[in-house]
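Notes for the one structure printed next.
The values are calculated or read from the model by the stated rules, or taken from the named source; none is laboratory data. Just so we're clear, the structure is a prediction, and the values are computed from it rather than from any experiment. A quick note on method: Cβ atoms are made from the backbone with ideal geometry, for glycine too, and the neighbour counts reach across all protein chains shown. The area values use the complete protein model at the heavy-atom level, side chains included, leaving out ligands, DNA and RNA. Shrake-Rupley method; radii C 1.70, N 1.55, O 1.52, S 1.80 Å.
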Amino acid sequence: MRVLLVDDEEELVSALAERLSLRGIDVDWASTSYDALTQVESKTFDIAVLDVKMPKMSGLELKRRLQEKCPDMKFIFVTGHGSEDDFRAALSEAGTAYYLVKPLSIETLIDKMNQALKE
Amino acid sequence: MSWKSDIIGETGLQFYGKTAASLSHEMKNALAIINEHAGLLKDLALMAEAGTPMDPGRLTSLAEKVMKQIRRADGIVTTMNRFAHSVDESIKDVDLGEILEFGATLSRRLASMRGVTLEPRLVTTPVRITTNPFFLQNLLSLCVDFATAAAGGGKTVGLSAEETENGAQVRLTGLEGLGEVLLDTFPATREKALLEALRAQLAVDTEAGQLVLALPRDID
């Protein structure tokens, strides 16, 4: 599986990428939505893990743009917010059921990625 | 309670909630980073147990990153505590420069979501006024919210305080898009209620791209 991680917290996304990489997962990361859009121009990813709240372009908007470029890509959202109702409504609007709340459990993240890929 | 008191109460609660949500989001991020670094340390320890040599420099680097996030989290908690105490006294002698700097700290994350940088310009001499600090912080937050929308992404909004003949004024500069925003929506009812409560006046200067908030020296 080839994974693209996107979060504006660079230290978070780079450490998470390293941990996934140690588990044999092929992973790249971006700390801005614009960087993520550039990366998909030259590489193919099976799944994108996106932070919901990012400056300039939210994770929900990024998903919409990535889907235009990569229709088969699967998505998992990550949020720091505990406000479940608002978040579920946003996910429903974005057409995905996969989400995780920070701080992440890497085992749960890998489980969710496997589930999303089996869809 | 008058309708104006109701509006001020409601907008105050909204401000309190929005600020608490923003700060707790920041805190979650700091904790999430500590979580990943701790996880990485555990991964490296497991690899060392299995025979992979451990690089002491890597451990030092990870420990420093954890400490950096602990300092960040401590700063967030200090900010939350200071904000919580901002309602302790309804009338207080304050340094407007300090109020602006704290207001910029509270609004920085929300501004950065719009791609806008907030730049409080410090003055060497304190600009002191007697006012309601929470109402003022609330009004400043609403002005900053409007200003960041008017400035547009990639821009910097400056915040400065200066003494005037009758009190002091706050200037929000760099609002180049003022001409394009709907000025008939600002100041709205809640801003007007806070302006009245603070005995303040707000001027929107489209040509200069700035908001000027005039405050009395003493609210009483």
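Observations on the model:
- B:G179 being of a type in the set (G, A, S), over 26 Å from B:I7 (Cα atoms) and crowded, with 20+ Cβ neighbours inside 10 Å: no
- Of the residues making up segment A:18-63, those that are more than 14 Å from chain B (Cβ to nearest Cβ), under 24 Å from B:H25 (Cα atoms) and either among the aromatic types (F, W, Y) or part of a helix (DSSP H, G or I) (or both) are A:D35, A:A36, A:K63.
- Just one of (1) at pLDDT 95 or above; (2) open to solvent by less than 90 Å² (accessible area, probe 1.4 Å); (3) assigned to a helix (DSSP H, G or I) fails for B:D93. It is (3).
- Boolean, A:M1 is open to solvent by less than 50 Å² (accessible area, probe 1.4 Å) and in contact with a helix residue (DSSP H, G or I) (Cβ under 8 Å, 6 or more places away or on another chain): no
- Whichever residue in segment B:105-138 is within 14 Å of another protein chain (Cβ to nearest Cβ) and more than 17 Å from B:G174 (Cβ to Cβ) and, among such residues, is farthest from the chain's Cα centre (by Cα): B:M113
- Subset of segment A:99-119 [buried (at least 18 other Cβ atoms within 10 Å of the Cβ) and outside any helix (DSSP H, G or I)]: A:Y99, A:K102, A:P103, A:L104
- Top-ranked residue in segment B:70-90 [being of a type in the set (S, T, Y) and either touching an Asp or Glu at 6+ places or on another chain (Cβ under 6 Å) or over 10 Å from B:T131 (Cα atoms) (or both); ranked as surrounded by the most Cβ atoms within 10 Å (Cβ to Cβ)]: B:S86
- The residues in segment B:1-49 that are open to solvent by less than 60 Å² (accessible area, probe 1.4 Å), of a type outside the set (G, A, S) and in contact (Cβ under 8 Å) with a residue 60 or more places away in the chain can be counted, and the count is 8.
- Only one of the numbered conditions (1) modelled with pLDDT under 95; (2) outside any helix (DSSP H, G or I); (3) under 19 Å from the mean Cα position of the chain (by Cα) is not met by B:L159, and that is (1).
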